[in-house]
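Read the structure below first, then the notes.
The values are calculated or read from the model by the stated rules, or taken from the named source; none is laboratory data. In this text the structure is predicted, and so the values were computed from the model without any measurement. Note that each Cβ is placed from the backbone with ideal geometry, even for glycine, and that neighbours are counted across all protein chains shown.
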Amino acid sequence: MTTDFDAFDRRLGDAFRAYAADAPTVDPAAFARSIAREHPRRRSWASQLRTPMARRLVWVLIAVLLTLAALAAIGGIGGVKVPLPVTPAVTVPDELYGEWRATVEATGPEVPGGEYALNLNEPTLLLGPRGNAVAWAGAASALVLAGRNSADLGIRAPEPCGDARYAVTALGPDDETSPGPSASGGNPTPVPGLTVLERIAVGESFRLHPLSESCVERRHILASSPWVHQSVVLQSGETYQSMDFTEPFSFVMPANASSVEISGRFWGKGIFVLGNGWDWRGFFLDDMRLGADICHPERGRLTDIPATADAVEAWLRSSSGLRVGDPVELTVDGRTALSIPIESVDCHEWDPPLVPGEVYLGSRVYAIPTGDDMILFTATSFSLEEIGPIADELVRSMTFD
């Protein structure tokens, strides 16, 4: 049975389909208003709302208008492709933690020349020379060892680049391209028998070699240069940040350090290193599983750095291979830290990066509370009489974020 109401519905549907077919890609709200103005009205909205059937028609009309507005909005952006974000699906090992940098030559508008940053922990694998996210390059999706000398890195990316796989290999001083300064400021010296990640952990940089890659631009950025941690020459009197250190802080390079050229760089998760390559180096350490006895690595590891300055002193004194002097109190960012002198007396083995060693005449270990954590700073030199006051002043200048 067909009613007048059914016939009206059909005519209304036909009218809106005609509007939809001719609808321009304009602001959806303005489009809906124009339809309302053009529709003939013999009575006011208030008068039509007085019967149940009329109210039902109003709701039908509103629903149709909203649908048309949504279609108009989609039509307005139909030709634009927005790449979906790619979340890293890989747990990045500590050795590859943080930001790595490489200088890349330009190949065109998609790949301008300059220094690129690579971070396996971030949803965007690459940052461009202006700090812009290179979203089309994707993110890390897998990282597994492929033997002692290489690791496989998987990359997940939207089209047009798509997914890829690269080999990660470490760079030492004998490789064709030097990876830059080590923890002591000079080129790193690989320890025989270490895996690729262990080599990177003691200061080496790395290269990426394409195993499966169809994106020419991404290949050029990732594979053309070695990836190194950022390094900066520290100037006396200037303030510096701790880069990717896990307990962020800033410090001022002492004015009396002008005779010692010192560089600083992030060196892996929980490690920030200072040094000049020949007579002085220092490590900031945080959230690390250090040796229970730093002269005997075979005796196991602590789960973390001891929680108080006094506990750090007790830990150092527990090693029979060290001679530990009397600690000196320092105020650091309103809290009391300890400067603890140590000397190696029988420490033929050591567990980097805390290295008393026999080639150095002495070291200091600074136990520094941060408010909710404890970090260490080690200063080691052939001449602590000269370097010691510089290290003290540097530690005193620290402030935590």
Q: Report yes if some residue within the stretch 255-269 is modelled with pLDDT of 85 or more and surrounded by 20 or more Cβ atoms within 10 Å (Cβ to Cβ); otherwise report no.
A: no
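Yes or no, residue by residue, for (1) at pLDDT below 90; (2) farther than 18 Å from Pro210 by Cα; (3) touching a Pro at 6+ places or on another chain (Cβ under 8 Å); (4) not aromatic (Phe, Trp, Tyr):
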| site | (1), (2), (3), (4) |
| --- | --- |
| Val90 | yes, yes, no, yes |
| Ala102 | no, no, yes, yes |
| Pro109 | yes, yes, no, yes |
| Leu153 | no, no, no, yes |
| Arg156 | no, no, no, yes |
| Gly186 | yes, yes, no, yes |
| Thr189 | yes, yes, yes, yes |
Q: Identify all residues within the stretch 376-392 that are crowded, with 21+ Cβ neighbours inside 10 Å and assigned to a helix (DSSP H, G or I); write none if there are none.
A: Ile387, Ile390, Ala391
Q.
Any residue at all in the stretch 292-314 that's buried (at least 20 other Cβ atoms within 10 Å of the Cβ), in contact (Cβ under 8 Å) with a residue 12 or more places away in the chain, in contact with a Lys or Arg (Cβ under 7 Å, 6 or more places away or on another chain) and outside any strand (DSSP E or B)?
A. yes
Q: Would you mention how many residues in the stretch 107-140 are part of a loop (DSSP other than H, G, I, E, B) and free of Cβ contacts under 8 Å to residues at least 40 places away in the same chain?
A: 15
Q. Among (1) modelled with pLDDT of 85 or more; (2) surrounded by 13 or more Cβ atoms within 10 Å (Cβ to Cβ); (3) under 21 Å from Met374 (Cβ atoms), where does Thr331 come up short?
A. (2)
Q. Does Ser205 satisfy being in the same structural domain as Thr107 (by TED's automatic domain parsing), modelled with pLDDT of 80 or more, of a type in the set (S, T, N, Q) and within 30 Å of Cys347 (Cα to Cα)?
A. yes
Q) If a residue has to be among the β-branched types (Val, Ile, Thr) and crowded, with 17+ Cβ neighbours inside 10 Å to count, how many in the stretch 193-221 make the cut? A) 4
Q: Would you confirm whether any residue within the stretch 356-376 is of a type outside the set (Phe, Trp, Tyr), at pLDDT below 90, assigned by TED's automatic domain parsing to the domain that holds His296 and under 27 Å from the mean Cα position of the chain (by Cα)?
A: yes
**Q.** Single residue of the stretch 272-289 satisfying the filter (part of a loop (DSSP other than H, G, I, E, B) and crowded, with 20+ Cβ neighbours inside 10 Å) that is modelled with the highest pLDDT
**A.** Asp286
(Q) Would you confirm, using the coordinates I've provided, whether Leu143 is part of a helix (DSSP H, G or I), among the aliphatic types (A, V, I, L, M), surrounded by 15 or more Cβ atoms within 10 Å (Cβ to Cβ) and at pLDDT 50 or above? (A) no
Q: Could you list all residues from the stretch 315-342 that are closer than 25 Å to Ser383 by Cα, in a loop (DSSP other than H, G, I, E, B) and of a type outside the set (S, T, N, Q)?
A: Gly321, Gly325, Asp326, Pro327
